[in-house]
Amino acid sequence: MLCPICGAEYMEIVPESCSICDWNLKSEAAFLATAEIYQQKEQAKLNWARKMWQMLQAKENPNHHNNSGLSTASVNGVNDNQNYKDLKKQLEQIQAQLHQATIERFQLHCQLEWVLYHLEQLNPESLAETLYNINEKLDAMPTPEPPMSEVGIDYYPLINLLAAGKWRKADELTWELLLQVALRAEEGWLHLAEIENFPCTDICTIDSLWEYYSHGLFGLNVQQRIWESVSGEYGKFCDRIGWRDGESWKYYDELSFSLEAPEGHLPIIVWRQRACYGVGQMMAAETFLALRSRLATCSGEQ
């Protein structure tokens, strides 16, 4: 008997499957006894299996020729070798996905077991009592607020203006508060000695409020960082924070009182009328140096 697929010959004992191509040899006998429609289906299966066998042989031995002397590729009229590579690539991708899914499923299973184990260890009544005791202790603890001023200044009006985004009014009030702290409201400007001895709590409060409500855009420490980045050159400093445009020094009314302003644009402390002038007996650059020094000292003490 000949295998209908690969042509292997069996003289006496016919096995269940061909030892070469693994085709079910018993189907040949059934094929002879079936009706015509079944014979057509079996014939189609034989043709498909024969084609697959030829493709496999072509891959393993590209120079192999069939009985008619023509190569398998010539008989089929297509590049079966390329088709085989494509199918193999798809199979490898599917196998990789299945492998990854197996790993993920195992990891999820381990995590679920861990959670279930710890849930089993919990005593719901004990847990609820512990949480209740913690809440009681927290409620009983005082919540002291850090002092905002060493000299009794009320900063809540400034907080309200900053929280509402009223930046110009907040800047004007900041200047008034500085004069109140230094007891210079009548004079309207600060001496060098008054800046050098300005209360640390108050200067840090003013800086932190401006920085907090502007989301880090404004504040004295922000200005100090920019000052250091330009090596303490007042002109470049003013260019960076929008107090000067080229050779044109800004007047107070020309400033941008919004979050669209440059970084460090506010508050205005070292000048009031125009950025190139100071206030009182000190130039703006001198005032900023003194303020920067005091802020650095106070920040180190906090």
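A few remarks follow.
- Residue in region 55-70 that is within 30 Å of Asn24 (Cα to Cα), loosely packed, with under 11 Cβ neighbours inside 10 Å, modelled with pLDDT of 70 or more and over 32 Å from the mean Cα position of the chain (by Cα) present: no
- Matching residues in region 227-264 - criterion: being more than 21 Å from Ala296 (Cβ to Cβ) and of a type in the set (D, E, K, R): Asp239, Arg244, Asp245, Glu247, Lys250, Asp253, Glu254, Glu260
- Among (1) within 35 Å of the chain's Cα centre (by Cα); (2) part of a helix (DSSP H, G or I) - the single one Asp171 does not satisfy: (1)
- Among the candidates Ala185, Ala193, Ala164, Ala170, the residue that is over 19 Å from Ser299 (Cβ atoms), assigned by TED's automatic domain parsing to the domain that holds Gly278 and surrounded by 15 or more Cβ atoms within 10 Å (Cβ to Cβ) is uniquely Ala170.
- Condition check for Pro267: free of Cβ contacts under 8 Å to residues at least 24 places away in the same chain, outside any helix (DSSP H, G or I) and in contact with a helix residue (DSSP H, G or I) (Cβ under 7 Å, 6 or more places away or on another chain): no
For (1) modelled with pLDDT under 75; (2) of a type in the set (A, V, I, L, M), each residue gets a yes or a no:
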| residue | (1), (2) |
| --- | --- |
| Glu120 | yes, no |
| Glu125 | yes, no |
| Lys137 | yes, no |
| Pro142 | yes, no |
| Glu145 | yes, no |
| Met148 | no, yes |
| Val151 | no, yes |
| Tyr155 | no, no |
| Leu158 | no, yes |
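- When region 147-168 is limited to residues that are in a helix (DSSP H, G or I) and in contact (Cβ under 8 Å) with a residue 40 or more places away in the chain, the one that is nearest to the chain's Cα centre (by Cα) turns out to be Ala163.
- Qualifying positions in region 225-244 - surrounded by fewer than 19 Cβ atoms within 10 Å (Cβ to Cβ), over 32 Å from the mean Cα position of the chain (by Cα) and part of a helix (DSSP H, G or I): Gly235, Lys236, Asp239
The values are calculated or read from the model by the stated rules, or taken from the named source; none is laboratory data. Being a predicted model, the structure only gives us computed values, none of them experimental. Backbone-built Cβ (ideal geometry, glycine too); neighbour counts: all protein chains shown.
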